[in-house]
Amino acid sequence: MNIPATFIKGLVGDDPILHTTKPYVIFIGRSNVGKSSLINSLVGTKGMAKSSKTPGRTLQMNVFSVADKVFFLDFPGYGYARVDQKQREKIRKMILWYITSCDTLDRRFMVVIDSKVGITEYEEEVIAILREYDLDFYIIANKIDKLNQSAQVKLVRAIMLHISEKNCILYSSLTHRGRKELLDILGI
Ligand code: GDP
């Protein structure tokens with residue numbers, strides 16, 4: 001089932017669209033965890049979240065209107081920690097700015113990880129910020145299709161060190177496992 005979704009705009013800073021009564025679902029994750037694939041899988045439209053990868057736009061937050069009900073806010077992904085310190089710092093500041101400066105009441109954060117990689121120091125840092133500001137967040141373990149049953153159990157245990165089981169979603173953008181569960185959570 002496709003869900004009507006449109007790209008609204010890319011932002012590099014504040015914008016009136018961030019100050020709205022509509023709920024926001026915010027996607028945060030490192031490059032290559034499959035964040036674009038996850039968004040495309042959720043709405044059922046291939047290529048929708050692609051614009052985030054256009055060269056020169058890698059540092060913008062992309063806003064999508066989904067089902068006329070919620071906005072998706074896709075934060076830029078970034079490369080691996082040590083290689084990309086500068087970009088990491090910029091994105092970290094952007095996340096902090098967004099968390100502290102935007103007054104949208106209904107915000108839910110989706111921290112997307114690669115199941116094969118697990119939770120890295122980057123996600124730990126993001127989780128610490130979200131906790132500090134007492135924000136509602138989920139961990140989406142994408143690419144779960146790459147893990148066998150026992151590896152899945154291990155991963156869930158590791159995630160539960162950070163969050164309760166109900167806020168941990170095992171997802172595959174390939175098979176769409178977890179899609180219904182996540183759409184239900186988002187009320188879409
Ligand atoms: P992004 O950089 O986080 O937006 O990642 P992409 O969506 O571009 O995905 C990165 C790579 O992971 C691509 O080769 C995708 O085909 C692959 N990928 C994404 N999601 C999944 C998944 O759920 N399962 C598997 N097996 N591969 C995935």
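The values are calculated or read from the model by the stated rules, or taken from the named source; none is laboratory data. Values in this document were obtained by computation on a predicted structure and should not be read as measured data. Positions of Cβ are backbone-derived with ideal geometry, glycine not excepted, and every protein chain shown enters the neighbour counts. Please note that ligands, DNA and RNA were not included when accessible areas were found on the heavy atoms of the full protein model with its side chains. Shrake-Rupley method; radii C 1.70, N 1.55, O 1.52, S 1.80 Å.
Before moving on, here are some points about what is shown:
- For region 165-188, the set of residues classified as on the phi < 0 side of the Ramachandran plot and open to solvent by 60 Å² or more (accessible area, probe 1.4 Å) consists of Glu165, Lys166, Leu174, Thr175, Arg177, Lys180, Glu181, Asp184, listed by residue number.
- Test: residue in region 56-74 that is within 16 Å of Val111 (Cβ to Cβ), modelled with pLDDT under 95 and over 15 Å from the mean Cα position of the chain (by Cα): no
- When region 29-44 is filtered for residues that are more than 6 Å from the ligand (Cβ to nearest atom) and either part of a helix (DSSP H, G or I) or among the small types (Gly, Ala, Ser) (or both), the ones remaining, listed by number, are Leu38, Ile39, Asn40, Ser41, Leu42, Val43, Gly44.
- As a summary of the residue check, Leu18 satisfies the conditions (1) within 14 Å of Leu182 (Cα to Cα); (2) open to solvent by less than 20 Å² (accessible area, probe 1.4 Å) except for the one numbered (1).
- Filtered residues of region 137-188 (kept if in contact (Cβ under 8 Å) with a residue 12 or more places away in the chain, in a helix (DSSP H, G or I) and within 28 Å of Lys22 (Cβ to Cβ)): Asn167, Arg179, Glu181, Leu182, Leu183, Ile185, Leu186
- Any hit, region 105-119, residues being over 30 Å from Pro4 (Cα atoms), within 16 Å of the ligand (Cβ to nearest atom), touching a residue at least 60 places away in the same chain (Cβ under 8 Å) and surrounded by fewer than 17 Cβ atoms within 10 Å (Cβ to Cβ): yes
- Region 120-151, residues that are open to solvent by 30 Å² or more (accessible area, probe 1.4 Å) and of a type in the set (Gly, Ala, Ser): Ala128, Ser150, Ala151
- Selection within region 132-154 - over 18 Å from the mean Cα position of the chain (by Cα), hydrophobic (A, V, I, L, M, F, W, C) and within 16 Å of the ligand (Cβ to nearest atom): Leu147, Ala151
- Qualifying residue in region 91-104 (condition: in a loop (DSSP other than H, G, I, E, B) and surrounded by fewer than 15 Cβ atoms within 10 Å (Cβ to Cβ)): yes
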